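J.: Here it is, the structure, as structure tokens.
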Amino acid sequence: MGVSSGSRKLKEAARIILVGAPGVGKGTQSERLMRRYPQLASISTGDLLRDNVRDKTLLGLQAESFMKSGSLVPDPLILDLILRELTSRNWLSTSRLNTNIISAISQRTRSTSCAVEPSQDPDSSFILDGFPRTATQADSLSRLLPMNLVLHLVTPAEIILSRMATRWVHASSGRVYNIGFNDPKVVGIDDITGEKLVQREDDTEETWRKRLAKFEETSSGLLNFYKEKQPATVVVVRGNSSDEISPQIFEEVERRFA
Ligand code: ADP
């Protein structure tokens with residue numbers, strides 16, 4: 001079980017970032033990529049934050065009001081979150097990390113060198129969904145672990161908006177369903193776990209428009225960071241649906257890493 005007939009092998013370590021407006025389908029693409037390339041794992045900062053809010057951790061309590069209002073959670077909180085996750089998954093080694101973490105977070109280092117030698121093992125391939133969101137976050141990340149594919153997903157805002165109302169998610173895994181497009185097998189129930197699906201609290205039109213404005217404000221700096229520092233890694237993928245976008249992403253990943 002597990003490896004379906006459609007799954008492929010990566011020959012090179014892939015470290016992929018998905019950049020796109022809220023609701024563009026980054027979660028859907030992560031899932032499809034992981035199904036096709038079982039060596040890929042994924043981290044979604046949005047999901048990690050929602051877990052922290054649900055569990056009422058200190059970080060969750062600090063992040064909650066920012067998320068509810070559609071603002072970005074402050075960088076120190078996000079960096080702390082992502083560093084803990086990267087180390088707990090052994091994608092960053094802890095031995096050399098402490099001083100580097102501190103300098104990355106405080107942004108006081110001028111060094112452009114990377115903190116840790118990234119693993120060349122294709123089994124340590126991963127996708128980051130929702131991080132980095134700003135040029136500052138990208139800069140911090142680049143000092144820790146350089147990414148080698150930045151996928152910029154583009155779908156017109158009005159099309160995304162019309163999908164929002166029909167979006168249901170499985171809270172603990174982050175799996176997303178869209179009614180009338182990729183319906184769950186049973187209405188309101190997650191296909192894999194059988195648990196209830198929920199609608200996200202921040203999926204209202206008003207909050208979404210705020211998050212979109214925030215995305216437009218911060219993503220140009222983020223993309224410019226990568227276009228300047230490592231132009232060959234940036235790829236724009238356009239489509240009106242996830243089904244139009246996936247094949248283009250697969251082709252890119254195949255060409256670079258498989
Ligand atoms: P979407 O992709 O639908 O915008 P996410 O699930 O990625 O939403 O994120 C939900 C919320 O979590 C964001 O609106 C923001 O408040 C917070 N968040 C997630 N990732 C980051 C990040 N890298 N930096 C700051 N805030 C973040």
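The values are calculated or read from the model by the stated rules, or taken from the named source; none is laboratory data. Keep in mind it's a predicted model, so treat the numbers as computed, not measured. Here the Cβ positions follow ideal geometry from the backbone for every residue, glycine too, while neighbour counts run over all protein chains shown.
J.: All but one of (1) modelled with pLDDT under 95; (2) in contact with a Phe, Trp or Tyr (Cβ under 9 Å, 6 or more places away or on another chain); (3) of a type outside the set (A, V, I, L, M) hold for Asp190; which doesn't?
T.: (1)
J.: Taking Leu222 and the conditions (1) touching a Ser or Thr at 6+ places or on another chain (Cβ under 7 Å); (2) farther than 22 Å from Arg32 by Cβ; (3) at pLDDT below 95, which numbered condition does it fall short on, given that it satisfies the others?
T.: (3)
J.: Identify the single condition in (1) surrounded by fewer than 13 Cβ atoms within 10 Å (Cβ to Cβ); (2) of a type in the set (Ser, Thr, Tyr); (3) in contact (Cβ under 8 Å) with a residue 24 or more places away in the chain that Ser241 does not satisfy, given that it satisfies every other one.
T.: Among (1) surrounded by fewer than 13 Cβ atoms within 10 Å (Cβ to Cβ); (2) of a type in the set (Ser, Thr, Tyr); (3) in contact (Cβ under 8 Å) with a residue 24 or more places away in the chain, Ser241 violates only (1).
J.: Would you confirm whether any residue within region 225-236 is within 16 Å of the ligand (Cβ to nearest atom), touching a residue at least 40 places away in the same chain (Cβ under 8 Å) and either of a type outside the set (D, E, K, R) or closer than 27 Å to Glu64 by Cα (or both)?
T.: Yes.
J.: Among the residues of region 61-76, write down those that are surrounded by fewer than 16 Cβ atoms within 10 Å (Cβ to Cβ) and either near the ligand (Cβ under 9 Å from one of its atoms) or small (Gly, Ala, Ser) (or both).
T.: Ser65, Phe66, Lys68, Ser69, Ser71, Pro74
J.: A further question follows. So which of Arg108, Arg84 is more than 16 Å from the ligand (Cβ to nearest atom) and either modelled with pLDDT under 90 or loosely packed, with under 14 Cβ neighbours inside 10 Å (or both)?
T.: On inspection, the qualifying residue turns out to be Arg108.
J.: Give me the pairs: first residue in region 2-31 and loosely packed, with under 15 Cβ neighbours inside 10 Å, second residue at pLDDT below 90, beta-carbon distance under 9 Å, and six or more apart or on different chains, which are they?
T.: What qualifies is Glu12/Gln120.
J.: Only residues that are within 12 Å of the ligand (Cβ to nearest atom), hydrophobic (A, V, I, L, M, F, W, C) and within 22 Å of Phe126 (Cα to Cα): list them for region 36-60, please.
T.: Ile43, Leu48, Leu49 - these are the residues of region 36-60 that are within 12 Å of the ligand (Cβ to nearest atom), hydrophobic (A, V, I, L, M, F, W, C) and within 22 Å of Phe126 (Cα to Cα).
J.: Identify the residue in region 10-24 that is more than 9 Å from the ligand (Cβ to nearest atom), part of a loop (DSSP other than H, G, I, E, B) and not aliphatic (A, V, I, L, M) and, among all such residues, is nearest to Glu216 (Cα to Cα).
T.: Glu12
J.: Search region 166-208 for residues being among the small types (Gly, Ala, Ser) and surrounded by 13 or more Cβ atoms within 10 Å (Cβ to Cβ), and hand back the single one that is nearest to the chain's Cα centre (by Cα). Can you show your working first?
T.: First, the residues of region 166-208 that are among the small types (Gly, Ala, Ser): 171-174, 180, 188, 194.
Still in the running and surrounded by 13 or more Cβ atoms within 10 Å (Cβ to Cβ): 171-174.
Working: Ala171: 16, Ser172: 16, Ser173: 13, Gly174: 11 Å.
Across region 166-208, the extreme among qualifying residues is Gly174.
J.: Being touching a residue at least 12 places away in the same chain (Cβ under 8 Å) and among the hydroxyl-bearing types (Ser, Thr, Tyr) is the filter here; which residues of region 159-193 pass it?
T.: Those that are touching a residue at least 12 places away in the same chain (Cβ under 8 Å) and among the hydroxyl-bearing types (Ser, Thr, Tyr): Thr166, Ser172, Ser173, Tyr177, Thr193.
J.: When only residues in region 210-219 that are in contact with a Gly (Cβ under 9 Å, 6 or more places away or on another chain) and touching a residue at least 60 places away in the same chain (Cβ under 8 Å) count, which is farthest from the ligand (Cβ to nearest atom)?
T.: Ser219
J.: I would also like to ask the following. Count, please, the residues in region 111-134 that happen to be at pLDDT below 90 and surrounded by 15 or more Cβ atoms within 10 Å (Cβ to Cβ).
T.: Final tally of qualifying residues: 5.
J.: Please specify each residue of region 32-78 satisfying the condition of being hydrophobic (A, V, I, L, M, F, W, C) and either in contact (Cβ under 8 Å) with a residue 60 or more places away in the chain or closer than 26 Å to Pro156 by Cβ (or both).
T.: If the condition is that a residue be hydrophobic (A, V, I, L, M, F, W, C) and either in contact (Cβ under 8 Å) with a residue 60 or more places away in the chain or closer than 26 Å to Pro156 by Cβ (or both), then Leu33, Met34, Leu40, Ala41, Ile43, Met67, Leu72 are the ones that fit.
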